[in-house]
1. Among the candidates 63, 23, which residue alone is closer than 30 Å to residue 158 by Cα, surrounded by fewer than 12 Cβ atoms within 10 Å (Cβ to Cβ) and at pLDDT 75 or above?
2. Being without any contact (Cβ under 8 Å) to a residue 40 or more places away in the chain, touching a helix residue (DSSP H, G or I) at 6+ places or on another chain (Cβ under 6 Å), farther than 21 Å from residue 324 by Cβ and crowded, with 16+ Cβ neighbours inside 10 Å: is that true of residue 68 here?
3. Looking at (1) assigned to a helix (DSSP H, G or I); (2) out of contact with any helix residue (DSSP H, G or I) (no Cβ under 9 Å at 6 or more places or on another chain), which is the only condition residue 75 fails?
4. Can you tell me which of 113, 105, 92 is surrounded by 18 or more Cβ atoms within 10 Å (Cβ to Cβ) and at pLDDT 95 or above?
5. Identify the residue in the stretch 12-31 that is in contact (Cβ under 8 Å) with a residue 24 or more places away in the chain and not in a helix (DSSP H, G or I) and, among all such residues, is nearest to residue 113 (Cα to Cα).
6. Check the stretch 229-248 and report whether any residue there is over 22 Å from residue 90 (Cβ atoms), over 20 Å from the mean Cα position of the chain (by Cα) and surrounded by fewer than 17 Cβ atoms within 10 Å (Cβ to Cβ).
7. Would a scan of the stretch 277-291 turn up a residue that is outside any helix (DSSP H, G or I), assigned by TED's automatic domain parsing to the domain that holds residue 123 and over 22 Å from the mean Cα position of the chain (by Cα)?
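The values are calculated or read from the model by the stated rules, or taken from the named source; none is laboratory data. This is a predicted model, so every value here is computed, not measured. Backbone-built Cβ (ideal geometry, glycine too); neighbour counts: all protein chains shown.
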């Protein structure tokens, strides 16, 4: 191993990122090495420089940049992937590895995780920020933009914005999200959002996420978090380096994204959409496809595609399903000439 090696090209997974973070903090006696900084400094020498800055208390608050480069090798058109409704991008690490020596893979991470960074306050603000970041990273088209869950509608809006600048967007990948999300956003209160996040993070079961809400709602936020904390597998809490305070803050980030989606009303169109659908959070797959997802056809100037992918809404990118998902996803990129 050399100082110029890239952590992800050596085979690093999302679990390895968390392990490296934990062991680095212990070895250097640091209170925290933020996960995002490992993602942003995958080359060993670069990460070492960052840790040196932490040790010398020399690291200022970095200016927010949504772009997290997860894979930089390959000459094909880069793919930009917008975060799901939890705002974080660690979920994409395992997917990005399949694009090595093929095309760069950039994730877009929500604002608000780092101290001093305010939450987004509107969909327009978020889209403007992400479109500018995509253009900064890849100045000319054609572009390939995708989003998982909530990130799908954001990706659609970013693609529209880039087309409005006169650039070509050849691929818009929308993963298990309908065009109309406002009603769903209005349904999710603080308790519902906290339980969704806790289920997504593997802290509670699907059953608990669905059934706990009525009992939790009369409690204070602190009491609700304590209930979830007691139900959470200790190993998982250690793996995620979570504290009750961090979980509380993360719920607020997810809540800020829900607020941005409450008055979202899709309009306009992009060159073509590629919709990927899995088992939905509720209802049947056929109802989800035909009544919720098919309306994307009205926002696609070219022929849209609808592709079945394995797994459920929250599991389609986990270790079990990502090998099949990446194959299907890359097939659609190729079908669009990328």
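1. From the options 63, 23, the qualifying one is 63.
2. Against the criterion (without any contact (Cβ under 8 Å) to a residue 40 or more places away in the chain, touching a helix residue (DSSP H, G or I) at 6+ places or on another chain (Cβ under 6 Å), farther than 21 Å from residue 324 by Cβ and crowded, with 16+ Cβ neighbours inside 10 Å), residue 68 does not qualify.
3. Among (1) assigned to a helix (DSSP H, G or I); (2) out of contact with any helix residue (DSSP H, G or I) (no Cβ under 9 Å at 6 or more places or on another chain), the lone unmet condition for residue 75 is (1).
4. Exactly one residue qualifies, and that residue is 105.
5. Ranking the candidates gives 30 first.
6. The answer is yes; a qualifying residue exists.
7. yes
Results for (1) more than 15 Å from residue 190 (Cα to Cα); (2) at pLDDT below 95, shown as yes or no for each residue.
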site	(1), (2)
221	no, yes
230	yes, yes
234	yes, yes
238	yes, yes
242	yes, yes
246	yes, yes
250	no, yes
260	no, no
